[in-house]
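One structure is given here, and the rest of the page talks about it.
The values are calculated or read from the model by the stated rules, or taken from the named source; none is laboratory data. Small disclaimer: the values here were computed from a predicted structure and weren't measured. Because the Cβ atoms are built from the backbone with ideal geometry, glycine has one as well, and the counts that use them run over all protein chains shown.
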Amino acid sequence: MPFKFCLAAALALATLSPAALAAAPAKVDFSHQIVPILREHCGECHTGDKKKGGFSLNDRASTLVGGESGKAVLPGNAAKSPLIEAITSKDPDKQMPPKGARLSPEKVKLLRDWIDAGAPWEEGFAFKKPAYEPPLKPRRPTLPPAVAGRANPIDRILDADLAKRKAPTPKPVDDATFARRVHLDLLGLLPEPDALAKFLADKSADKRAKLVRDLLANDTAYAEHWLTFWNDLLRNDYSGTGFITGGRKQITKWLYRALADNKPYDQFARELIAYTPDSEGFAAGIKWRGDVSAGATTEIQFAQSVGQSFLGINLKCASCHDSFIDRWKLEEAYGLAAVYATGKMEIHRCDKPVGKTAQASWLFPELGQINAAAPQPERLRQLAALMTHPENGRFTRTIVNRFWHRLMGRGIVHPTDAMQSEPWNHDLLDYLASHLADNKFDLKQTLELIATSAAYQSHAQIVGKDTDEHGYTYAGPRAKRLTAEQFVDAVWQITGAAPTRFDAQVVRGKPTAEAVAAMTLSAKWIWGHADAGNAKAGETFTARKKFTLKAAPVRAGAVATADNEFKLYVNGAPVASGDNWENPEAISLESKLKAGANDILLVAKNGGTGPNPAGVIFEARIQFADGTVETIATDATWETLKSPPDAKGKFKSAPEAGGAVVEVANSALWNVKVGKQLATQLAQAATTTQPMVRAALLKNDFLMRALGRPHREQIVSVRPNELNTLEAIDLNNGQTLATRLEQGASRVLAKQWAGSDALTHWLYQFALARVPTNAELTLAREVLGEKPTSQGVQDLLWAVLMLPEFQLVR
Amino acid sequence: MNALPLDPQNTRRDFLQKLAAAAATTMAMGAPRLLANEKVVHPKATADACILIWMGGGMAAPETFDPKRYQPFEKGVPVKNILSTFPAIPTAVDGVKICQGLEQIASVLDRGTIIRSAVQPDLGHILHSRHQYHWHTGYVPPQTVAAPHLGAWMSKVLGPRNPVMPAFINVGQRLEGVGEQEELKAFTTAGFFGNEFGPMNLPYPDDAAQSVRPPKGMEPGRFDNRYSLYRKLVDKNPHREFMSDFQQESMLRSLDNAHRLLSSKERAAFDLALEPKENYAKYNTGRFGQGCLLARRLVENGARFVEVTTEYVPFLHWDTHKDGHETVAGMHKQMDAPIAQLVRDLEARGLLNRTLIVIASEFSRDAMIEGIPGSNARDQATAPSETLQEMKHYGLHRHFTGGTSVVMFGGGVKKGFVYGQTADERPLVAIKNPVPVMDLHATIFTAMGISPKTVFDIEGRPFYATEDGKGRAVKEIFA
């Protein structure tokens, strides 16, 4: 229904003002006269999602609210309305539109008349449908009835969706395809041929669900696979920009343990926001040397990282000016940044101060607000609590959507960092989010729910270039490209050519309960004098142990702690430190010790303000290839030194011997408090099994970079899904891969095959989880010959690794 | 015969624009998208290929292309007297002088333009890596998205000139085993454009052939057989029904492209051993000289953008924090013959007119001033600043951002032209026509037929070829 401006009403209003009466506005037709002008001259920047300068003419409310520089339209007063001033201004810095033709005098007059008439608007009219605003609160959708026994809530929701669209139900995949998919998705590894055979032979009805549970119970493999995902999302790495100048801190140790222990996601997020020394790196961001723009300070980085990682909110626009593309404002971005800031933060618009100080606040005040006057640690705790507030559905929706994307190949909201967009299935997203909260934020429960659904276990959708042309509809999971880490791990699995050393500063794995129970320390708490119970505040004690090893160890782990802090040096290099005596450190030592003479140096320091008890304890278990184990533990046989080494663990001149080392008499108090943890950490460091080293534990290298592992200077939550030509060149002739294949071929050949077909069978089972066809066997025979050679095996390995069937999780 | 006998770039651009218009799926993936609604008018290209000769580490303008008063080494001379440590020599252009040691470049200067007024911003600490990032991407780090390298823009917007040739090739810079390697990697990338538009890195020009050859120890016959085995396995794959999946198709296409390059005749371009001996000798002043030769061979065979560098390694090459004079004399030796020869060779082949050569560095140097005059940057030099006592303190040891020289040859720039001017007394700042990085980039983009306002949408935000689309080409230097 076209709107006609009601002249009578306008005149009735106008009669209230004698001045207005004198210049009674002419009759204006909003729909036919005003809308075309606004659309032609203003629409490009100020309607729909566009709001340059924070000003939107999209509907009447936004028109009257105005933009960053205040109101634009004063109904009834065209003469004072900045909009009229802008369209008539001759100043190129002020005039609107900034480019293109000026408005004709006739059009300007129409707009004047329209404003003078009270800027009437057709009810409900908007230039573009208002942008979707996602709900904040969680919602528990009613589940449709299960169809054909498909009772998983995901299937109940998706089956109803398929039925409504009369779309076919995607066909289930066979056991082998499922096994490969679920191994790669949950643990990032190919199923080993034996495990695959066992799974295929299993006749029990619930074997798929059992496999999912078994895989998720493999804490080490789980942690070392998902480390990739979280390193990307939290931009953590072992090398990269910023480390060289100390402007960046890793959170590797914290993250690894959080994943291995499956830390509930709410607690996980709280520890990243209200950080500890181990998790500080995420909040602290990257501090660049020199001057950076106002939109790139570590405080602003904090706001951007918290927004993107936990909420799928892109605050990058709003860090500089009110966003043109979503609802976030400059003040809101600065508010979040100010939660982290320790000093005053002046708000800058496009790098220029606006004369306002940021007030600590957070993005969804409807859930509560931060006390801007509280000190920083308290503000961070408040932010952490608001983030994980039970009513913050955005927090749970964001992470379940990311996990859905990892497993199903496409987000329910997509892209996954644009959580303001409408999901293709509200019920599915809301159900998964509530399910996570209901299960105490146990992310493995989310993975189990998805992986045990019939939807996950369906054939991958065949995607063409224009499949999504008219929007996405669900038609089964989508194939995912192997990540760089998955590709490299798979090559290492098949070829047995994984390295033995890795870069991540972590002690791998998780000890068994039995190993912890069986662990008894022989170490004693020691100090430099007998009156350790009344050691001076700040007193330093340096202890040394020299010893000889019969061979290089195959495994060596240690634990240490001190009241109040320690630094550990092995063979003149710093290895570990700790300043919280209640948190003993598990330390990996095998790469630090050598055959022959070794020395270990402990520098301990007492804390407090007056005399108080001091002590330090250390124990290492060193294992050799022959199975024997040697223990090095603090006791009275250690020697004291008069002065500590420099920070690098070096002495300028040979250190002077100090007095005798004393075993601290009254150490029961410490042992009661941390005895269990000392045993646990030593079991952790010395007894855990060490499976194949994983690519996620290594620094980024040429091959992984070529395969899409990001530089992690920015958060990159989704990896490229396509292989490109430069990458293909590296796969064709890169030395890293060639060398691995060469090493791999000799290992493969060492297995003594009955014939080339047997080898091909094994390779296809391992790499593709299926038996080769006769045609494939014939082709393989051509390259392998009767008696496989190293070159033949390398070439077959390469050809199979290059198959899309291998490079995709399908 | 001015134009290169290869794909006319306009056809390529039309194709790309159509592709961009059709790429709705790419957008859904969150990938960058060429913004169509901005009325970007690409200028008419005056160059089809670009060779960036990168003097990483801070090439002192007063020691190269902008000589000032010469002060020979003398004990006890006040350091403030030192502006240049090399005397000026005449060039093929009347009245234009450059520094002694660059005689061969001087002899071809009538084919090029010197910009003497390039300026850099003050980024607090005058750090190489941040200025190098800024120079190569047009954006001051840190950025909230990974900014693409200049070469990646060429690759993304123009594409390859020859379909088998990678569009962006980076010669001479090691990215592993050198100081600040992570900082170098941060801008040696296509950033958010994706790896496809990123550099092919050839740190050792003499070894470049290896990069396009089958792996070491694999004879060509076996390499072809391996690929043919692969193709047959793909054909016989029982999961062929998935082959309609465009992700798989693109995977196959990429492998095919790679194999095509590795078996193509253009592969020979990478092999310096195929260059006639006497010509190789003209270039061979070391890795940099070999890089110039490689750049010529690559451009002859259809490369779009080649960067060749003297290599940035902290405290080596142009990063002269001591022994400046002697180090620079060595750099002169490295650069003089190969750069001059590159110009002559491209000219002799009729390629110079359509190939833009740019010689540039992240900033200049001065004997006294760190940064720009009045900057509070920490002094990077250890040399005493009062009087000269030792030879090792003779040189320009401080980072200077107030006036830097850039030299261009070919690609439509004026011949025998000087643009801009620096002061003749310290501070040697640009006093006429200052050219910030943004405008320098706009000039290079314009020569290549790319509007400086070209804009892509990434994460819903516009990202321009030059910051905010505001870079303005220095029109005066075009012929």
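Can you go through A:348, A:389, A:426, A:435 and tell me which one is of a type outside the set (S, T, N, Q) and closer than 23 Å to residue A:172 by Cβ? Give the derivation first.
On the way: A:348 fails: closer than 23 Å to residue A:172 by Cβ; A:389 fails: closer than 23 Å to residue A:172 by Cβ; A:426 fails: closer than 23 Å to residue A:172 by Cβ.
It is A:435.
What pairs come out if I take residues in region B:291-305 that are crowded, with 24+ Cβ neighbours inside 10 Å and pair them with residues that are acidic (Asp, Glu) and assigned to a helix (DSSP H, G or I) whose C-beta lies under 7 Å away, six or more apart or interchain?
Taking only residues 6 or more apart or on different chains, the pairs are B:296/B:345.
Given the criteria surrounded by 20 or more Cβ atoms within 10 Å (Cβ to Cβ), over 27 Å from the mean Cα position of the chain (by Cα) and at pLDDT 90 or above, does residue A:520 qualify? Working first, answer last.
Numbers: surrounded by 20 or more Cβ atoms within 10 Å (Cβ to Cβ): no; over 27 Å from the mean Cα position of the chain (by Cα): yes; at pLDDT 90 or above: yes.
In short, no.
For region A:761-770, indicate whether the set of residues that are facing chain B (nearest Cβ under 10 Å) and on the phi < 0 side of the Ramachandran plot is non-empty.
Scanning region A:761-770, I find at least one residue that is facing chain B (nearest Cβ under 10 Å) and on the phi < 0 side of the Ramachandran plot, so the answer is yes.
If only one of B:339, B:369 is modelled with pLDDT of 95 or more and among the hydrophobic types (A, V, I, L, M, F, W, C), which one is it?
On the way: B:369 fails: modelled with pLDDT of 95 or more.
Exactly one residue qualifies, and that residue is B:339.
Quick one: which of A:72, A:78 is more than 24 Å from residue A:326 (Cβ to Cβ) and of a type in the set (A, V, I, L, M)?
Criteria check complete, one pass: A:78.
Only one of (1) closer than 30 Å to residue A:564 by Cβ; (2) basic (Lys, Arg); (3) within 14 Å of chain B (Cβ to nearest Cβ) fails for residue A:699. Which number is that?
The failed condition is (1).
Return the residue satisfying two criteria in turn: it lies in region A:341-364 and is on the phi > 0 side of the Ramachandran plot and not acidic (Asp, Glu), and of such residues it is surrounded by the most Cβ atoms within 10 Å (Cβ to Cβ).
A:350
Between a first residue in region B:201-229 that is within 8 Å of chain A (Cβ to nearest Cβ) and a second residue that is at pLDDT 90 or above and outside any helix (DSSP H, G or I), which pairs have beta carbons less than 6 Å apart while being 6 or more apart in sequence or on different chains?
Taking only residues 6 or more apart or on different chains, the pairs are B:211/B:202.
Which ones in region A:287-312 are part of a loop (DSSP other than H, G, I, E, B) and either within 9 Å of chain B (Cβ to nearest Cβ) or buried (at least 23 other Cβ atoms within 10 Å of the Cβ) (or both)?
Residues satisfying the conditions are A:288, A:289, A:290, A:291, A:292, A:293, A:312.
Here's a check for you: in region B:230-260, which residue that is surrounded by fewer than 17 Cβ atoms within 10 Å (Cβ to Cβ) and basic (Lys, Arg) is nearest to the other protein chains (Cβ to nearest Cβ)?
B:236
Residues of region A:663-672 being surrounded by 19 or more Cβ atoms within 10 Å (Cβ to Cβ) and at pLDDT 85 or above, which ones?
Across region A:663-672, the qualifying residues are A:664, A:670.
Only residues that are surrounded by 16 or more Cβ atoms within 10 Å (Cβ to Cβ), of a type in the set (Gly, Ala, Ser) and in a loop (DSSP other than H, G, I, E, B): list them for region A:69-109, please.
If the condition is that a residue be surrounded by 16 or more Cβ atoms within 10 Å (Cβ to Cβ), of a type in the set (Gly, Ala, Ser) and in a loop (DSSP other than H, G, I, E, B), then A:72, A:76, A:81 are the ones that fit.
Take the conditions more than 26 Å from the chain's Cα centre (by Cα), over 27 Å from residue B:140 (Cβ atoms) and surrounded by 15 or more Cβ atoms within 10 Å (Cβ to Cβ) and apply them to residue B:352. Does it pass?
So residue B:352 does not fit the description; no.
Could we say that residue A:777 is within 26 Å of residue A:192 (Cα to Cα), touching a His at 6+ places or on another chain (Cβ under 9 Å) and more than 9 Å from chain B (Cβ to nearest Cβ) here? Give the steps one after another, and end with the answer.
Details: within 26 Å of residue A:192 (Cα to Cα): yes; touching a His at 6+ places or on another chain (Cβ under 9 Å): yes; more than 9 Å from chain B (Cβ to nearest Cβ): yes.
For residue A:777, the condition - within 26 Å of residue A:192 (Cα to Cα), touching a His at 6+ places or on another chain (Cβ under 9 Å) and more than 9 Å from chain B (Cβ to nearest Cβ) - is met.
For a quick check of your reading: which helices (runs of 4 or more DSSP H) sit entirely within region B:122-211 and have at least 1 residues that are under 16 Å from the mean Cα position of the chain (by Cα)?
On the way: elements: B:128-137, B:150-157, B:181-187, B:208-211.
Helices (runs of 4 or more DSSP H) meeting the threshold: B:128-137, B:150-157, B:181-187.
Taking into account only those residues within region A:116-167 that are over 28 Å from the mean Cα position of the chain (by Cα) and among the aromatic types (Phe, Trp, Tyr), which is nearest to residue A:28 (Cα to Cα)?
Here the answer is A:121.
Here are B:320, B:310: which of them is buried (at least 20 other Cβ atoms within 10 Å of the Cβ), away from every other protein chain (no Cβ under 14 Å), over 27 Å from residue B:214 (Cα atoms) and modelled with pLDDT under 95?
Being buried (at least 20 other Cβ atoms within 10 Å of the Cβ), away from every other protein chain (no Cβ under 14 Å), over 27 Å from residue B:214 (Cα atoms) and modelled with pLDDT under 95 holds for just one of B:320, B:310, which is B:320.
Residue A:565: surrounded by fewer than 16 Cβ atoms within 10 Å (Cβ to Cβ) and of a type outside the set (A, V, I, L, M), yes or no?
Judged against the criteria, residue A:565 is not a match.
Does at least one position in region A:520-534 carry a residue that is among the aliphatic types (A, V, I, L, M) and farther than 19 Å from residue A:612 by Cβ?
Yes, that holds for at least one residue.
Identify the residue in region A:780-797 that is surrounded by 22 or more Cβ atoms within 10 Å (Cβ to Cβ) and under 42 Å from the mean Cα position of the chain (by Cα) and, among all such residues, is farthest from the other protein chains (Cβ to nearest Cβ).
Checking each candidate, the answer is A:793.
Counting only residues that are surrounded by 20 or more Cβ atoms within 10 Å (Cβ to Cβ) and free of Cβ contacts under 8 Å to residues at least 40 places away in the same chain, give me the strands (runs of 3 or more DSSP E) lying completely in region A:572-642 with at least 1 of them.
In region A:572-642, the matching strands (runs of 3 or more DSSP E) lie at A:573-578.
Scanning for something surrounded by fewer than 21 Cβ atoms within 10 Å (Cβ to Cβ), on the phi < 0 side of the Ramachandran plot and at pLDDT below 95, does region A:328-340 turn up at least one residue?
yes
Would you tally the residues in region A:428-470 being among the charged types (D, E, K, R), assigned to a helix (DSSP H, G or I) and under 22 Å from residue A:223 (Cβ atoms)?
2
Out of region B:131-178, which residues are facing chain A (nearest Cβ under 8 Å) and either touching a residue at least 12 places away in the same chain (Cβ under 8 Å) or farther than 22 Å from residue B:203 by Cα (or both)?
B:140, B:141, B:142, B:143, B:144, B:145, B:146, B:166
Please work out which residue is farthest from the other protein chains (Cβ to nearest Cβ), limiting yourself to region A:707-724 and to residues that are more than 18 Å from residue B:144 (Cα to Cα) and buried (at least 23 other Cβ atoms within 10 Å of the Cβ).
Among them, the one singled out is A:707.
Provide a single number: the residues in region B:390-443 that are more than 22 Å from residue B:125 (Cβ to Cβ), without any contact (Cβ under 8 Å) to a residue 40 or more places away in the chain and surrounded by 24 or more Cβ atoms within 10 Å (Cβ to Cβ).
2
Can you spot a residue in region A:236-258 that is surrounded by fewer than 20 Cβ atoms within 10 Å (Cβ to Cβ), farther than 30 Å from residue B:177 by Cβ and away from every other protein chain (no Cβ under 13 Å)?
Scanning region A:236-258, I find at least one residue that is surrounded by fewer than 20 Cβ atoms within 10 Å (Cβ to Cβ), farther than 30 Å from residue B:177 by Cβ and away from every other protein chain (no Cβ under 13 Å), so the answer is yes.
Somewhere in region A:477-488, is a residue assigned to a loop (DSSP other than H, G, I, E, B), at pLDDT 95 or above, surrounded by 22 or more Cβ atoms within 10 Å (Cβ to Cβ) and touching a Pro at 6+ places or on another chain (Cβ under 6 Å)?
No.
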